[in-house]
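J.: A single structure is presented below for examination.
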Amino acid sequence: AYFNATMEHQLKQKNEVKEIIQIALKNDGFKMVYQPKVSLSAKKIVGYEALVRLKDYNLSPVTFIQIAEEYGLIIPLGRMVTQKVIEQMAKWSSTGVILKPVSINFCALQLYDATYIDFLFECLTTNKISPEMIQIEITEHIFIDNKDLAIRFMNQLREKGVGIALDDFGTEYSSLSFLSALPVDTLKFDREMNLRLLS
């Protein structure tokens, strides 16, 4: 490939986003928003999905999370998200709010955060939140590089009471036989697959 102006522009943009992430990590520049999960049959909220956003920049999470992964910032970002979610749940609990499970998104590169599980349970213990109130949400992509490590990670979490959700099922392996070997509590179908199933 030959270097061109487009490549230079893309590299400049990536470096700018990387710097924004680094500054935000140091200066509490991220916030969490909580998307409700609704049971249509019960007609009530049964849980939430935690979504990370930048406070002062109108940057899509698709953009900054991809850059965080590319530049090795996803591990501190993932820990920050985990801590913010659990601390928020403790605040809700202290005001009398009845807690519902909250899911936290987890990407493949975070598997290489060797002490993440210890960190997670330290946060839970410190804030007096039950492991059953947390669900780790992964995608099929997490199994591409290291299936054995991913399954071991999932089993360790489930043994301690943390739930596992598989998001966007149908975009990678799309195999029920593959699914049968996974320690998964919740299955979220890919939107396109949902549309096909409903049609």
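J.: Which whole number in µm²/s is D for the chain by Stokes-Einstein, with the Kirkwood Rh taken over Cα pairs at 4 °C and 1.567 mPa s?
T.: Details: Rh = 18.4 Å.
The calculation lands on 70 µm²/s.
J.: On to the next question. Quick one: which residues, 5+ away or cross-chain, put their amide H under 5 Å from the amide H of Ile134? H built at 1.01 Å from N.
T.: Placed amide hydrogens put Val102, Gly163 under 5 Å from Ile134.
J.: With the dipole of the chain worked out from charges on the C-beta (+1 for Lys and Arg, -1 for Asp and Glu) around the Cα centre, which of Asn58, Thr6, Ile23 lies farthest toward the positive end?
T.: Asn58
J.: Could you tell me what fraction of 2.2 N^0.38 Å the Cα radius of gyration of the range 1-68 comes to, as a two-decimal ratio? Could you put the intermediate results ahead of the total?
T.: On the way: Rg = 17.4 Å, N = 68, 2.2 N^0.38 = 10.9 Å.
Rg over 2.2 N^0.38 Å, computed on Cα atoms: 1.60.
J.: What is the percent of Cα-Cα separations in the range 40-89 that go past 19 Å? If you can, show how the numbers build up before the last one.
T.: On the way: 498 of 1225 pairs.
Result for the distance tail: 41 percent.
J.: Pairs to check: Lys14/Lys43; Lys26/Lys100; Lys18/Lys43; Lys37/Lys128; Lys12/Lys84; Lys14/Lys84. Give those whose C-alpha atoms are more than 32 Å from each other in this structure.
T.: Lys14/Lys43; Lys18/Lys43
J.: Mind grabbing the accessible area of Tyr48 for me, 1.4 Å probe, Å², rounded to tens?
T.: Answer for Tyr48: close to 60 Å² accessible.
The values are calculated or read from the model by the stated rules, or taken from the named source; none is laboratory data. These numbers come from a predicted model, not from an experiment. Glycine gets a Cβ as well: all are built from the backbone with ideal geometry, and neighbour counts include every protein chain shown. Each accessible area value is taken on the protein alone, full model and side chains, heavy atoms only, with ligands, DNA and RNA left out. Shrake-Rupley method; radii C 1.70, N 1.55, O 1.52, S 1.80 Å.
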